[in-house]
Ligand SMILES: [Zn+2]
C-alpha cells in the first residue's frame, strides 16, 4: 500500500531542525524526514483489531512540529519509527470490527491506551481519562502515544491502518467526510475549553487562530459561560472567521497586550528585556499555538491566580517568572477522554460527533491533496493561515 512514512533518526532530525526553520518549501523539500513509500499493510495485532481505510486525514500542528524538528525530544521514547503519520482520520472499516460491519464510516480516537494494547487498564484508563494512560509504550503494539506515531498501526497518511474497536466511533450519514475529519480536533478543542473552565462571564484570551484556536473558540461558546473572548490572530481571513465564531475582539499579535490591558483595565509594564506584560489581565488564557512567543504572551497577560491552558504542543524556552509571581495555574489539554458537563459525564468524542453535526464547519477543510502531492500539501499546511486555509487534509484514495 502507498503511505507517507516518517523514517529519520534523531540526529538527522536535528539537522532538519537547523536548516528547517519556517522557510516555506524547505520543510517539504529534501530535508523533510518524510517519504512516500510502498509498504506492507499493517497487520491487526490482536483481538478486537481490524483494518480501516482512511477517506480523509488531516494535517495537524503537532505533525508539522514533528516534521520540522520543532517537537521536544521528550516525545522520542513515546513514538516508534518508522511510522505513518496522521491521527485525524475519517475512514471506513475494511474488516468488520466488534459489532461494526465492514464499510461502516468511522472516526478514529487516536490514543493507543491500555485497552487497545491488550493489557490490564491503568488507573487513568479505568477512570475513562484514556489520554493520561501510563502504558502507551507497552503491550502488543509498538510504543506510540497515538495512531500516527506508532510503527505497528499505520496512520491516516496511508492507504490502510489498523485500529482497535475501542478507538472507533461510527459516523452518522448526516455528517460528511469533511466534517468527520474535524471530529478529532473538535474533541481536543472541547477538552481544552472544559480544561479552561472559565467562570461565567470570565474574560478569556485565545492565542492562535488556526484549527485549534478556531475550534476552541467555538467550544468556549458552546460549552462554557465565558464572557469576553479576545482572540489573537495573525491573518485577515482568520480574524473574520474568529468574529463569526463569537470572538468579542480580534487583534494581531503585536496589539494583544494593549487590547487586553484596555479590556481588563490592567497595568502594562515593560521590562528591560523581553515583551511587555500586564498586572491584571485575562482570567483564563489558552495557548493554541505552542511557540515560545505564544507561551510568553499567555503567561504575561493572565491575571494573578488565573489559569493558563496549553492546548498546542508547547515549545521550550518561555520565561516562567509570571507563573511564580502571579501564582498562575498552568495546565495542559492533551487529546480527549471523558468530560463532565452540565448534562453529566460523556466521552469527548460523543460530544464532538454531536457538535460536528450542527456546528458551522463548512469550508474549514480548505484543501485536499493526494499522498503523491505531499510536498505541496505540507507547504500549504505550513502557510495555511497566510493562505486563508484552516485545515489541509490528505485523501489517500486519490
Ligand atoms: Zn492506560
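Bear in mind these aren't lab numbers, they're just calculated from the coordinates by the rules spelled out. Small disclaimer: the values here were computed from a predicted structure and weren't measured. Glycine gets a Cβ as well: all are built from the backbone with ideal geometry, and neighbour counts include every protein chain shown.
For region 290-329, averaging the sequence separation of C-alpha pairs within contact (under 8 Å, six or more residues apart) and dividing by the residue count gives a relative contact order of 53 percent.
Using the rule -39500 (n - 2.57) for each DSSP H run of four or more residues, divided by the residues of the chain, the 222 nm mean residue ellipticity is -7500 deg cm²/dmol.
Against the chain, whose longest principal axis comes from its Cα atoms, helix 348-358 is set at around 80 degrees.
Subtracting the Cα-Cα distance of residue 120 and residue 258 from 0.36 nm times their residue separation leaves 44.5 nm of extension gain.
Exposure proxy for 1, 214, 364: other Cβ atoms within 10 Å of each Cβ, ordered fewest to most, give 1, 364, 214. Our note on the geometry: Cα centres of region 345-374 and region 28-84, 19 Å apart. Helix 211-223 and the long axis of the chain differ in direction by around 70°, with both axes built from C-alpha atoms. On the basis of the beta-carbon distance and an R0 of 41 Å, residue 35 and residue 237 show a calculated FRET efficiency of 0.80. Separation of region 278-309 from region 90-160 is 33 Å, based on Cα centroids. Residues 292, 228, 391 in ascending order of nearby Cβ atoms (within 10 Å, fewest first): 292, 228, 391. Rounded to the nearest 10 degrees, the inclination of helix 10-20 to the longest alpha-carbon principal axis of the chain is 50 degrees. For region 91-194, calculate the relative contact order in percent as a whole number, restricting contacts to Cα pairs under 8 Å that are 6 or more residues apart. 27 percent.
Beta bridges from DSSP with both residues in the chain: antiparallel share about 60 percent, rounded to the nearest 5. The value of relative contact order for the chain, using C-alpha pairs under 8 Å at least six residues apart, is 17 percent.
From least to most packed, judged by other beta carbons within 10 angstrom and beginning with the fewest, 88, 376, 362 follow the order 362, 376, 88.
With a cut-off of 12 Å, note down the residues of region 349-366 whose backbone N falls inside the zone around a label point 7 Å from the Cα of residue 398 toward its beta carbon. Under cut-off, by backbone N: 366.
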